[in-house]
Structures are given as C-alpha cells and as structure tokens.
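One structure below.
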Amino acid sequence: MADLVNKFLPNVVANWEGDNGFVVAIWQTLYMTFVSAFFAGIFGIVLGILLVVTADDGITPNKALYTFLDKLVNLFRSIPFIILLAVIGPFTRLIVGQTIGPTGALVPLVIGTAPFFARQVQLALVEVDHGVIEAAEAIGLSPMKIIFRVYLREGLPELIRSGTLTIISLIGLTAMAGAVGGGGLGNMAISVGYQRFENDVTIVSMLLILVLVFVIQGLGDFAVRKLEH
Amino acid sequence: MAEQNGIIQLKNIDVTFHSEGKTIEAVKDVSINVNKGDVFGVIGYSGAGKSTLVRVINLLQKPTSGTVVVNDQNLTQLSAKDLRKARRNIGMIFQHFNLMNSLTVYGNVDFPLRDSGLSKAERKQKIDKLLDIVGLADRAKNYPSQLSGGQKQRVAIARALANDPEILISDEATSALDPKTTTEILDLLGRLNKELGITIVIITHEMDAIKQVCNRVAVMENGQLIEEGSLLTIFGNPKKQLTKDFVNTSTHIGSVLDEIRDSGIVDKLSGRLIELNYIGDSTNEPIVVELYKRFKVEANILFSNIERLQNTTVGIMLFALTGEDDKVEAAIEYLNSLNVNVKEISLKKEGE
C-alpha cells in the first residue's frame, strides 16, 4: 500500500507534512471556510431578515431601508471576487491586521459571501406562508417575535438548504483566495501542483475539496430531512 | 335594539388600496354593529370586500377612514403594544388554516400561550382542555401535515381560543372543506357560541353556512353593505337581488324555476305561477285545500321547501293555479290577505 502511494503520488507524499504541506493546507481551508461561514452567516441572516420585513408586503415596511439594502447587496454581489480581494486590501488590513494568509482572506470571504447568503435567506423567508405570518399577527405577536418564532422557525429547513449551498460556494472562494496568498488547498493545487507540474498534488487537492463538499452537502441534507414534517 | 353598545362597532369604514396607479375601493362606508353573543354572518361573492372588512376588526387591515370599537376600546387609537394586547381578545381562523408546519398540534395550540405568563403545567392543562373541546385530544403529537383539512381547522380553532377571546373571526374557514366537514366545523362554532358565549363573525360565500349557525346576516357587494338583518328576515324576505340570489341558490328554487320555464309545464296546466314565502307556522296543505274549497281553484304544487332556521319554520312554495280566470284572481287576492308573501312569477325568461 505504502509502495503504491509512493509510486503514484510521489509529490503528495513529499508535500504531506511541513509548513506548506497538505495537513496545514487542509486546516487552512477548513479555517477559512468555517470562520467566514460563521460571520457571513450572521451578516447574511440579519440582512436577509431586514430585506424580508422591510419589503412592501413585509411586517414592518420601510421603503428607504429596503431600497438601500437591496442595492447594497446587488452591488457587492456584482463585484468579481478576485477583484474584491484586491480592492478591499486596506480595509482588510484595518480589520485583521494582514492581507495575506488564511486570516487575511477572511474579510474578503465574508464580504464576498454575506450578500450572496443574504439573498438566499431572503428567498427562503419569503417562502414562509404569508397566512402563518398573518395568523401570528392576529394572535398579537410583536414583529421581533414573528421573526424568531415564525420566520426563522418555519423557514429553518430552507435556511439550512441555502446555508449548505452557501458554504459549498464559499469553499470555491477559499480556493480562489488561496491562489492569491490565502493558503489552503486552493493554493496547494495551483502554486505547487499546477505551477510545478506536480499533477498528483493538483488531483489530490481537488479530491480533498470534493470530500469536504460531499460531507457538508450530506450533513445539510440530513438536517433538512430531520426538520421537515 | 342595542345598536350603540355592540361588542364590535365598525363605523363608516372605508378601505382604499392604491396599486400601480389604480385606486381600488375595497370597502365603502360600511357600518356594522355586532352584539355580544351574536353569530354574525357576512356573505358575498369573492371580491366583495368581506375579507378586507373583517380584517379591519382586529386591524390586520387598517381602514382608510372610520372607527373600529371593540369592547368599548377604539382600536385605531391604540399604541402598537396595546393593539397587540387587544388582538388577544379576538381569535381568528382562516380558509387555509395557517398552522405552523414545524410545530406539532400541541405546539400550535401552545403558540399563543407562550406569552401568557402561565406556567408550563398550566399551559399543558389548558391545551389538553382545548384539544378536548375540538375533539383532537389523541392527535396532540401529530404534525399538521399528518391531519385532514377538517382536523387542521380544529387545531386552528383550538389555537384561536387559547387566549380565551370574547370574539372569534372566521375568514372563509369552511371554504376549503368538503360539505360534511363544513357542517361539523360549523356545528363546533355553534357549540362554542352557546357554551362559551363567544361572539362569532363568519365570512362566507355559502348561504348554507350562514343558515346553519348565524343569527344575523350582512350581505356585501362591491365593497358595500347592501342588506343586513336577522337570519329570518334575510332568508324569509330578502330585498336586494343579490340576497335573493343567495337565498335562491340555497333553497334551489332558482334552478327549479329555470326548469319550469324550459319545460312549459305551466302552459300545459294553463295556469298562473305563484310563489309563496312564509315564516312561522303556516303550512302548505291547508292553503291548497282552502283554495279549492273556496274558489274551486286547483293548486298544483311544483316545488316546496321548508326549513327550520333557529327553531322557526321558513317555507317557500311554488304552485300553478288553474281554474276560471276570475276565480284565480279571487284566489290570489285571498292569498294576499294571509300572513304570507305572494308573488306572481312571470314565465318569460330573463332578457326576453
């Protein structure tokens, strides 16, 4: 077995451990994915909820705020991620003190993902039956309680579905951020595998990312199945 | 009549919507007074504004103008917080039930109780009692998706009753249900009215639903209230055409008339077609016998419908009178002298 691995994946073995090795890269990818998913998740949910409740047919309509947020989300969603990385460099340094490495990638990852997730949250919550919202209003619930006890609760399966989708697209972005100095498996595949013609490194990097994607998709699907009645 | 101190008083309600440059007057200058203990029915075709009107009662729909007084409280003047408190006294059920799919039957009934300040044990006791009242005690752990439409509506009723409201609004609550389930749900509402003394406002487009439980009826058309009165007067003596249409659909006299016109049966009998409406204890037989005894006029009964509404008999009879012309004339005069509504029906089809 060890012989086979040595024979077919020589460069993977050579690059497995050490500061720029696979083990570190895997951790970097997981770190970038989950830390930015956490923050993008919070921003995305807050923005998404605000978009739903301030819309014309929402529970607290506010045209000015809705228009502003709607445009803001569209604006940031329109900027190609690779350009966003470069453009917000100074802002990134202000927030996390560095622009390279996995931590330097966090700020652009959050800013690149939050608007996307906000849209997903908006779409998920708009799907919540308007009649149920009306029933909650008739019962005498405050807007805050309607958000927490109706929107987030009834919309939970759909939120998890879009959360899964967002994390998977986020993994794609970490690979891109990695290529311009963020580290992780994307960096491994490009700066080691691709640029040094070590194809086995590229392929294994890709496979590891696929495993991560499948695990997340599987967990998401499982949670949705448990929650839907 | 206690016109001024009803539990629900809507005065001069206007609701106007503006959308895409168009102005839609959904409700136009409607005033309604519902007394405590009433089962008040609002009937009209879809688009008549009845749903908009009842949403004004708990201010889910803010009126463009007019006042809403519920339990001597002017709701339009309340703060958002006080309005939410006032809404707890007004339960509401809907056409599509509007239950939380993520909660069990138990959880759905508990939903409005979470802010009630009751302890968990007190809530459980109350929920069990409510589920018992609506006949779903054995379904507490089920999710709405596992229930039939009628059962879902029962859960919705239990939820609406959770805060012990004095008023229950039913917005087309039986429109999505089959006839048998509709009857059961209406029976339940009637029982709640009698046993708990809860005031009920029912919106529907079915006269049969009104007939079954309401004691007062309002008819709406194009955003306006065109007729209002006790069930007996509306049913026994409808004034407006739309009201007559609703009553006719319910008694089936409309379709019978069409058939009679098409069949030409009255021509064969060479008689005159008379419609008789009566409320109270007149019955068909003596009238028919009397007509023959007094005038030698034969009355061929073509249709007869007798209903018990709120323990009073309401009847409609359709017959062809045949005999000598002056005798028939005298017979009609005699009928007019009785305590019944007599109407001669022209056999010409509408539009001819």
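Bear in mind these aren't lab numbers, they're just calculated from the coordinates by the rules spelled out. No experiment lies behind these values; they were computed from the predicted model shown. With ideal geometry, Cβ positions are generated from the backbone for all residues, glycine too; neighbour counts draw on all protein chains shown.
The phi-based Karplus calculation (6.51 cos²θ - 1.76 cosθ + 1.60; θ = phi - 60°) puts the 3J(HN,Hα) values of the range B:218-232 at 10, 10, 10, 8, 6, x, 10, 8, 9, 7, 8, x, 5, 4, 5 Hz, whole numbers, x for Gly and Pro.
Against chain B, whose longest principal axis is taken from its Cα atoms, helix B:284-295 shows a tilt of about 20°.
Restricting to the protein assembly as shown, compute how many DSSP beta bridges are antiparallel as a %, nearest 5. Around 70 percent antiparallel, to the nearest 5. With N the number of residues in the range A:2-227, Rg(Cα) / (2.2 N^0.38 Å) evaluates to 1.20. Ordering B:Y106, B:I167, B:L192 by the projection of their Cα atoms onto the charge dipole of chain B, which places +1 on the Cβ of Lys and Arg and -1 on the Cβ of Asp and Glu, puts B:Y106 at the extreme positive end. Of the residues B:E228, B:E290, B:E25, the one that moves most in a GNM of chain B with alpha-carbon contacts below 10 Å is B:E290. If a spin label sat at a point 7 angstrom from the Cα of A:K145 along the line to its beta carbon, the backbone N atoms of the range B:126-146 nearer than 18 Å would be those of B:126-127. Every helix of 4 or more DSSP H residues in chain B counts as -39500 (n - 2.57), and over all residues that averages to -11000 deg cm²/dmol at 222 nm. Listed by Cβ neighbour count within 10 Å, with the fewest neighbours leading, B:Y334, B:Y45, B:Y278 appear as B:Y45, B:Y334, B:Y278. Note that the range B:8-237, at 25 °C in a medium of 0.890 mPa s, gets a Stokes-Einstein diffusion coefficient of 135 µm²/s from its Kirkwood radius over C-alpha pairs. Charge dipole (Cα centre; +1 on Lys/Arg Cβ, -1 on Asp/Glu Cβ; no other charges) of chain A amounts to roughly 360 debye.
A viscosity of 0.692 mPa s and a temperature of 37 °C, combined with the Kirkwood radius over Cα pairs in Stokes-Einstein, give a translational diffusion coefficient for the protein assembly as shown of 112 µm²/s.
The H on the amide N of B:I169, modeled in the peptide plane, is under 5 Å from the matching H of B:G91, B:M92, B:I93, B:V201, each at least 5 residues off or on a different chain.
With 29 Å as the limit on Cα-Cα distance, the pairs of A:K63/B:K81; A:K226/B:K50; B:K62/B:K194 that go past it are A:K226/B:K50; B:K62/B:K194.
Classification of the range B:252-344 by its C-alpha gyration tensor yields an oblate form. The axis ratio a/c (a ≥ b ≥ c) is 1.5 or more, and b/c is at least a/b. Remark on B:N35: its backbone amide H falls under 5 Å from those of B:I7, a criterion applied only to residues 5 or more positions apart or on other chains, H modelled at 1.01 Å from N. A cut-off under 12 angstrom between Cβ atoms defines the neighbours of B:N74, and their net charge, with Lys, Arg +1 and Asp, Glu -1, is -1. Can you give the FRET efficiency for B:K120 and B:D262, using 1/(1 + (r/R0)^6), R0 = 45 Å, r = Cβ-Cβ distance, to the nearest 0.05? Step by step, r from the Cβ atoms, then E = 0.10. In this simple spin-label model, placing a label point 7 Å from the Cα along the Cα-to-Cβ direction at both B:D128 and B:Y334 gives a separation of 6.8 nm. By the beta-carbon count within 10 Å of each Cβ, the least crowded to most crowded order of A:M144, B:M100, B:M92, A:M176, fewest first, is A:M144, A:M176, B:M100, B:M92.
As a proxy for reagent exposure, A:I79, B:I316 were ordered by neighbouring Cβ count within 10 angstrom, fewest first; the result is A:I79, B:I316. Cross-link check: pairs B:K85/B:K124; B:K180/B:K244; B:K124/B:K152; B:K22/B:K152; B:K28/B:K126 evaluated at a Cα-Cα cut-off of 29 Å; pairs beyond the cut-off: B:K22/B:K152; B:K28/B:K126. Using R₀ = 22 Å, calculate the FRET efficiency as 1/(1 + (r/R₀)^6) where r is the Cβ-Cβ separation of A:V5 and A:V211; round to 0.05. The value I calculate is 0.85.
Helix B:149-161 and the longest principal axis of the C-alpha atoms of chain B enclose an angle of approximately 60°. A simple spin-label model places pseudo-atoms 7 Å from Cα toward Cβ; at A:F222 and B:K36 they are separated by 5.9 nm. Near B:E227, the amide H atoms lying under 5 Å from its own belong to B:V219; only residues 5 or more places off or on other chains count, and H is placed 1.01 Å from N. Potential lengthening of the chain between A:N62 and A:I95 amounts to 8.8 nm, from the contour at 0.36 nm per residue minus the alpha-carbon distance. Note on B:K85/B:T64: beta-carbon distance plugged into 1/(1 + (r/R0)^6) with R0 of 22 Å gives a FRET efficiency of 0.35. Between the helical axis of B:253-263 and the longest alpha-carbon principal axis of chain B there is an angle of about 40 degrees.
Here the 3J(HN,Hα) profile of the range B:65-73, calculated from phi with Karplus coefficients 6.51, -1.76 and 1.60 at θ = phi - 60°, is 8, x, 10, 10, 10, 10, 6, 6, 10 Hz, Gly and Pro shown as x. The helix-based estimate of mean residue ellipticity at 222 nm for chain A, built from -39,500 (n - 2.57) per DSSP H run of four or more residues and divided by its residue count, is -24000 deg cm²/dmol to the nearest 500. Considering only A:V211, A:V35, A:V87, whose Cα is most displaced toward the positive end of the charge dipole of chain A, charges sitting on Cβ of Lys, Arg (+1) and Asp, Glu (-1)? Checking the options against the dipole of chain A, the answer is A:V87.
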